[in-house]
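Presented below is the structure to which this report refers.
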Ligand code: GLA
């Protein structure tokens, strides 16, 4: 569904259900060119916002409770904004309630409110519909109550909601990219200082193709938190704040205090950070071959050292490796399912897709999906047309 349709759908549903006109916010999902599992190590990432995301409508009410309607799930949830606790794991409500909880902690809201939201990010695809939802709620509340929070304050509220209500100890990449994205550009982000450099992206005869494995693993969230714990354990052993401060020599010096598996995980974070910086140079110099090779190297590290890939993602990247019209490919996001990102020759893209479609189905008896996305602006208020 187009974003325009989504806006119309949310507006009419809001008007019908709550009999008032909402403040509308669009908040995009994200891709990441390179730099996986580096954000919570104070490292570097290279994401971009996309033209798919979440639209939320929000307006004050004069009732004694707040209410949120998930239009796609056709489910309403009523809540008291001053009495919120995380609900059972896995429910979308935690994203919304977590954000409201953080906002209420910091700001005085002089009324209750209603929310309707819907999205056009394929669910479970690893394109960060969660950050898009969180950002759309915090941004909408900021507009509605004129809270005067900065975008930076808002992304930390979204992240805290994910930590405390969703129980995923995520880094800042997704919320940042979704909030600060810029059209036709990717953002090289230093996750420690939040300094960013905008890179106009033009892959010339090549383009980005996302392939959704259509796999989601239920243990992904605990595996994510475990990875983060390993990184923090290594940093603590070396008496530094984060792996960002660690050199390969430092890591080597404590190798005998780590299991081999954990050593490789630490090493992968250091190497992935180097790859991000190298990829930004390659992009600046228009060296797409080198850029593509770094994508393949990144996948290799995530597969064999960091161990956050899965059979289906590896299969998709292997197909890309065997095809000379693909410059690079890797799994994208937290891992254990979701999409691969591929840099494919425009001229050969339909052949590549046809080939992958057929072989994937033959191998796993299920279909993969393809998305071509546009790099887009971050979270913003939308005026109804
Ligand atoms: C998820 C998290 C991000 C980041 C990626 C992996 O998307 O939300 O903070 O850690 O995984 O790079």
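A few remarks follow.
- Residues of segment 99-143 with an amide N closer than 17 Å to a point placed 7 Å from the Cα of residue 63 along the Cα-to-Cβ direction: 111-117.
- The angle between the Cα long axis of helix 288-300 and the main principal axis of the chain comes to about 80°, on a 0 to 90 degree scale.
- Fraction of beta bridges assigned by DSSP in the chain that are antiparallel (%, nearest 5): 90
- Gyration tensor over alpha-carbon atoms, segment 206-372, equivalent ellipsoid semi-axes in Å: 31, 20, 11
- Separation in nanometres of the label points that stand 7 Å from Cα toward Cβ, at residue 198 and residue 277: 2.5
- Here the Gaussian network model covers the chain, with springs between Cα atoms less than 10 Å apart; of 271, 207, 152, 152 fluctuates the most.
- Comparing 150, 25, 325 in a Gaussian network model of the chain, where Cα atoms under 10 Å apart are tied by springs, the biggest mean-square fluctuation is seen for 150.
- Sorted ascending by nearby beta carbons within 10 Å, beginning with the fewest, 351, 312 become 351, 312.
- Helix axis angle, 3-18 relative to the chain longest principal axis, alpha carbon, degrees: 30
- Distance from segment 174-219 to segment 39-70 (C-alpha centre basis), Å: 17
- Residue among 46, 14, 145 with the largest mean-square fluctuation in a Gaussian network model of the chain, springs linking Cα atoms under 10 Å: 145
- Helix 311-321 vs. the chain, principal-axis angle (Cα, 0 to 90°, nearest 10): 60
- Mean separation of Cα contacts under 8 Å, 6 or more apart, over the residue count of the chain: relative contact order %: 24
- Cβ-based exposure ranking for 77, 224, in which fewest neighbours within 10 Å come first: 77, 224
- In terms of other Cβ atoms within 10 Å, 347, 8, 162, 272 run from fewest to most in the order 347, 8, 162, 272.
- Relative contact order for segment 1-105, counting Cα pairs under 8 Å that sit 6 or more residues apart, in percent: 20
- Under Stokes-Einstein, with the Kirkwood radius over Cα pairs as Rh, the value for the chain at 10 °C and 1.306 mPa s is 74 µm²/s.
Taken together, the values in this text are just the output of simple stated rules run on the coordinates, not laboratory data. Just so it is clear, the model here is predicted, and its values are computed rather than measured. Cβ: placed from backbone, ideal geometry, glycine included. Neighbour counts: every protein chain shown.
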